[in-house]
């Protein structure tokens with residue numbers, strides 16, 4: 001059963017599936033949010049992450065990349081004490097470190113989105129190698145899920161799903177791939 005079969009009508013999955021999943025994301029803070037959420041989903045259900053999403057937004061300064069990159073030891077400790085999010089040291093550290101790495105990508109490529117565009121299209125295995133080289137805590141599942149959710153890899157929606165055509169029309173990068 002696919003996400004397109006499970007999500008419709010669900011109070012958390014439905015809106016995410018219908019309005020965000022597989023649609024293009026151009027804003028670096030939103031891309032960073034998706035990366036952090038995918039990292040935090042590792043070993044857990046996506047529903048858990050969607051239910052905690054607002055707590056993540058609050059804890060990570062609205063996913064403002066520049067602010068998170070400046071999080072110090074005191075702020076890190078507060079994150080690890082925040083019951084609203086996933087209190088995993090490796091995942092918290094990955095969010096802060098990846099924010100720093102996105103700032104570095106801005107210097108070389110202008111934005112995280114432009115860095116993604118510069119490497120698109122690629123097969124999933126190539127993306128995974130690139131992400132492992134560029135970011136921390138990004139294995140195959142995390143990278144693949146991130147790229148599906150932001151429209152860089154095909155497969156977020158079944159072709160029979162009513163949302164499929166909207167994602168294509170919105171300009172999902174995979175839809176423009178040769």
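The values are calculated or read from the model by the stated rules, or taken from the named source; none is laboratory data. Note that the structure is a prediction, hence the values are computed from the model and not measured. Cβ sites come from the backbone with ideal geometry, for glycine too, and all protein chains shown count toward neighbours.
When restricted to residues that are within 17 Å of residue 113 (Cα to Cα) and surrounded by fewer than 19 Cβ atoms within 10 Å (Cβ to Cβ), segment 155-177 contains 5.
Quick one: in segment 140-154, of everything that is surrounded by fewer than 21 Cβ atoms within 10 Å (Cβ to Cβ) and without any contact (Cβ under 8 Å) to a residue 40 or more places away in the chain, which residue is farthest from residue 97 (Cα to Cα)? Looking at the filtered set, the residue picked out is 154. Scanning segment 1-22 for residues being crowded, with 18+ Cβ neighbours inside 10 Å and on the phi > 0 side of the Ramachandran plot gives a total of 1.
Among the residues of segment 132-154, those that are in a loop (DSSP other than H, G, I, E, B) and touching a helix residue (DSSP H, G or I) at 6+ places or on another chain (Cβ under 6 Å) comprise 135, 136, 137, 138, 150, 151, 152, 153, 154. Residues of segment 126-139 that are buried (at least 19 other Cβ atoms within 10 Å of the Cβ) and in contact (Cβ under 8 Å) with a residue 24 or more places away in the chain: 127, 135, 137, 138. Within segment 23-33, the only residue that satisfies the criterion of being in a helix (DSSP H, G or I) and surrounded by fewer than 18 Cβ atoms within 10 Å (Cβ to Cβ) is 30.
Residue under question is residue 174, and the condition is that it be in contact with a helix residue (DSSP H, G or I) (Cβ under 9 Å, 6 or more places away or on another chain), in contact (Cβ under 8 Å) with a residue 12 or more places away in the chain and closer than 22 Å to residue 43 by Cα; does it hold?
Working: in contact with a helix residue (DSSP H, G or I) (Cβ under 9 Å, 6 or more places away or on another chain): yes; in contact (Cβ under 8 Å) with a residue 12 or more places away in the chain: yes; closer than 22 Å to residue 43 by Cα: no.
For residue 174, the condition - in contact with a helix residue (DSSP H, G or I) (Cβ under 9 Å, 6 or more places away or on another chain), in contact (Cβ under 8 Å) with a residue 12 or more places away in the chain and closer than 22 Å to residue 43 by Cα - is not met.
Beta carbons closer than 8 Å, at least 6 apart along the sequence or on distinct chains, pair a first residue in segment 106-125 that is within 15 Å of residue 146 (Cβ to Cβ) with a second that is at pLDDT 95 or above and assigned to a loop (DSSP other than H, G, I, E, B) for 113/25; 113/26; 113/27; 116/150; 116/152; 120/152; 124/153.
Within segment 66-82, how many residues are in a helix (DSSP H, G or I) and crowded, with 16+ Cβ neighbours inside 10 Å? Selection size over segment 66-82: 4.
Taken together, the criteria place residue 85 among residues that are in contact with a helix residue (DSSP H, G or I) (Cβ under 7 Å, 6 or more places away or on another chain), part of a loop (DSSP other than H, G, I, E, B) and under 19 Å from residue 33 (Cα atoms).
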